[in-house]
1. Scan the range 102-144 for residues that are closer than 21 Å to residue 157 by Cα and not in a strand (DSSP E or B) and report the count.
2. Kindly check whether there is at least one residue in the range 144-163 that is modelled with pLDDT of 80 or more and at positive phi.
3. Using the structure shown, decide if residue 92 is at pLDDT below 95 and in a strand (DSSP E or B).
4. Does the range 72-79 include one or more residues that are closer than 23 Å to residue 161 by Cβ and outside any strand (DSSP E or B)?
5. Is it true that residue 185 is outside the structural domain of residue 53 (by TED's automatic domain parsing), loosely packed, with under 11 Cβ neighbours inside 10 Å, at pLDDT below 80 and over 30 Å from residue 62 (Cα atoms)?
């Protein structure tokens, strides 16, 4: 049977092929947009009156425009690169906490994919540091030893850990441990 004598006819066959093509494009597009995401859905940044605190958001699969719902509190600066076609493309953006109020505040950062219009969302919370935790490999440091890496984690009043403390200045003071004054190495050790 030739295509002209097909029960569907030549027009209906091309409609079916066209429908299959549309469905294929939609399926590929849906798969692509479902996999598009930000590196984090929520960011907790510390309030700092002197130093702006930054965090880099990264989006996958596509090129994005970025915006903040509260630019007076949280700003967004895209990093631009050239895509395969030589067009400007942003997959990353620098989020900066700029709040002048020492209280808990929130803004939403949206990343909109330029082709599909899909929106990705990140909640950015700015709050005051309520507590810190310093950790190291040992509790005893000797003055003549090489430097030891100290890790600092900070928490808000609810016990949530801040996403980053990068850029936040810390003042360190070394205090002699009076409890170990009788120890033979007490003049060279810090606890």
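1. Residues meeting the conditions: 6.
2. Filtering the range 144-163 for residues modelled with pLDDT of 80 or more gives 149-163.
Remaining after also requiring at positive phi: 159.
Yes, some residue in the range 144-163 is modelled with pLDDT of 80 or more and at positive phi.
3. On the way: at pLDDT below 95: no; in a strand (DSSP E or B): yes.
So residue 92 does not fit the description; no.
4. Yes, there is a match, as at least one residue in the range 72-79 is closer than 23 Å to residue 161 by Cβ and outside any strand (DSSP E or B).
5. Working: outside the structural domain of residue 53 (by TED's automatic domain parsing): yes; loosely packed, with under 11 Cβ neighbours inside 10 Å: yes; at pLDDT below 80: yes; over 30 Å from residue 62 (Cα atoms): yes.
Considered against the rule, which asks whether it is outside the structural domain of residue 53 (by TED's automatic domain parsing), loosely packed, with under 11 Cβ neighbours inside 10 Å, at pLDDT below 80 and over 30 Å from residue 62 (Cα atoms), residue 185 comes out as yes.
The values are calculated or read from the model by the stated rules, or taken from the named source; none is laboratory data. Everything numeric in this text was worked out from a predicted model, so none of it was measured. Please note: Cβ atoms are built from the backbone with ideal geometry, for glycine as well, and neighbour counts cover all protein chains shown.
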